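Participant: My questions will all concern the structure given below.
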Amino acid sequence: MRIDKYLWCTRYFKTRNMATIACQKGHVRINDLVAKPSREVYPTDNIVVRKNQVNHHFEVLEIPKSRMGAKLVDLYRKDTTPAENLEQKELLKYSKDYYRQKGSGRPTKKDRRDIEDYMDDV
């Protein structure tokens, strides 16, 4: 199975086109080699995907026949992402709040909805 199709089938990317673009940009590595979208995937391959500034590591356990439900994904891949990478993901979430202080700059869509809800109550 192609790597872009595998990443889509195992629900790593929302669309197959997103998986293809990630491969073309060099964000997908199979056994430490940059993978093109058409690269074949086999069981026991180690895959590293850079998504949202975090490197996710996993091992292919089996090749799925088609896209499956989220609960069945663990039958086809084993997540081996180090804990440091997952902590980095949490830190990125907090750093986004740092750059835009509440009340500074243009209101976000959420701020606008909160203001409208407040005005409706008054």
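Participant: Which one of K110, K89, K14 has the biggest mean-square fluctuation once the chain is modelled by GNM with Cα springs under 10 Å?
Facilitator: Per the Cα network of the chain with a 10 Å cutoff, K110 tops the list.
Participant: Also, quick follow-up: So for R113, R50, fewest C-beta neighbours within 10 Å to most, what's the order?
Facilitator: In order of increasing Cβ crowding within 10 Å: R113, R50.
Participant: Just rank V34, V41, fewest to most, by other beta-carbon atoms within 10 angstrom.
Facilitator: V34, V41
Participant: Still on this structure, please answer the following. Quick check on my link table: of K51/K93; K36/K71; K25/K110; K5/K93; K36/K89, which ones sit more than 24 Å apart, alpha carbon to alpha carbon?
Facilitator: K36/K71; K25/K110; K5/K93; K36/K89
Participant: While we're on this one: Just from its helices, what would the mean residue ellipticity at 222 nm be for the chain, if runs of 4 or more DSSP H residues each count -39500 (n - 2.57) and the sum is divided by every residue, rounded to the nearest 500 deg cm²/dmol?
Facilitator: Helix-only estimate at 222 nm: -11500 deg cm²/dmol.
Read-outs: derived from the displayed coordinates by stated rules, not from any lab. Being a predicted model, the structure only gives us computed values, none of them experimental. Note that we place each Cβ from the backbone using ideal geometry, even for glycine, and neighbour counts take in every protein chain shown.
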